[in-house]
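Structure, as structure tokens:
The values are calculated or read from the model by the stated rules, or taken from the named source; none is laboratory data. Model, not experiment: these values are computed from the prediction. Cβ placement follows ideal geometry from the backbone for every residue including glycine, while neighbour counts extend to all protein chains displayed.
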Amino acid sequence: MDILAHALWTTAAAIPARQKITRPLSVPWAAFWGIFPDVFSFTIPAILRIWWYATGVTQSLRPDPESAKRLQFVWQLYHCSHSLITFAAVFAIVWLLVGRPVLEMLAWCLHILLDIGTHRGIFAIHFLWPFSAYSVSTLRWENPIFFAANYAALLLVYLWLWIRLRKTRTQRQPVT
């Protein structure tokens with residue numbers, strides 16, 4: 001799924017979750033954790049490409065045969081950040097360090113689950129990495145029909161959230 005859709009889905013999940021739990025939940029942090037796996041995977045190669053271009057190592061910002069050789073490590077970043085095993089380990093460590101679960105981090109898990117169902121080929125998610133390279137080759141999020149359906153669903157979800165918010169506000173207003 002694309003990074004904007006991840007941010008929107010995790011925000012849409014965090015808004016009602018925030019109303020259901022007793023302690024504060026930061027929607028912006030949930031959105032951050034919702035895009036974290038892609039930011040972690042793709043920011044480093046993007047910065048490297050810009051650096052190589054600026055320093056004359058490459059003549060273009062577009063990928064070339066040499067960049068594929070230089071950026072092999074990116075696949076490890078991708079598999080690591082899109083692994084339910086990695087997520088669970090980091091979530092547990094943060095829980096131990098902070099003394100409570102950081103619920104906003106569950107958006108990272110949602111990102112992985114969404115990607116399992118929307119990636120195929122070389123981008124299929126190895127969600128059990130580093131123990132297994134097993135992946136499910138499913139839909140491609142770039143498929144125009146899926147892409148349109150995804151954003152239509154997001155539109156409906158946000159419309160529902162907006163209606164709920166208006167209804168809640170109207171119920172809170174004193175009757176005059």
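Scanning segment 33-62 for residues that are touching a residue at least 60 places away in the same chain (Cβ under 8 Å) and of a type outside the set (Val, Ile, Thr) gives 33, 34, 36, 37, 38. Filtering segment 112-130 for residues that are in contact (Cβ under 8 Å) with a residue 12 or more places away in the chain, assigned to a loop (DSSP other than H, G, I, E, B), farther than 19 Å from residue 29 by Cα and more than 18 Å from the chain's Cα centre (by Cα) leaves a non-empty set.
Restricting segment 27-58 to residues that are of a type in the set (Gly, Ala, Ser) and closer than 20 Å to residue 114 by Cβ leaves a set whose member that is surrounded by the fewest Cβ atoms within 10 Å (Cβ to Cβ) is 41. Would you check which residues across segment 4-18 are among the β-branched types (Val, Ile, Thr) and at pLDDT 95 or above and list them? 10, 11, listed by residue number. Only one residue in 57, 27 is more than 30 Å from residue 155 (Cα to Cα) and not basic (Lys, Arg), so which one is that? Every option except 57 fails the conditions.
Being β-branched (Val, Ile, Thr) and either at pLDDT 95 or above or closer than 26 Å to residue 139 by Cβ (or both) holds for only one residue in 112, 21, 47, and it is 112. Looking at the structure I just gave you, is residue 156 aliphatic (A, V, I, L, M), closer than 24 Å to residue 22 by Cα and not in a loop (DSSP other than H, G, I, E, B)? When the stated conditions are applied, residue 156 does not pass them. Search segment 82-138 for residues being touching a helix residue (DSSP H, G or I) at 6+ places or on another chain (Cβ under 6 Å) and of a type outside the set (A, V, I, L, M, F, W, C), and hand back the single one that is surrounded by the fewest Cβ atoms within 10 Å (Cβ to Cβ). Here the answer is 101. When segment 137-167 is limited to residues that are more than 18 Å from the chain's Cα centre (by Cα) and at pLDDT below 90, the one that is farthest from residue 11 (Cα to Cα) turns out to be 137.
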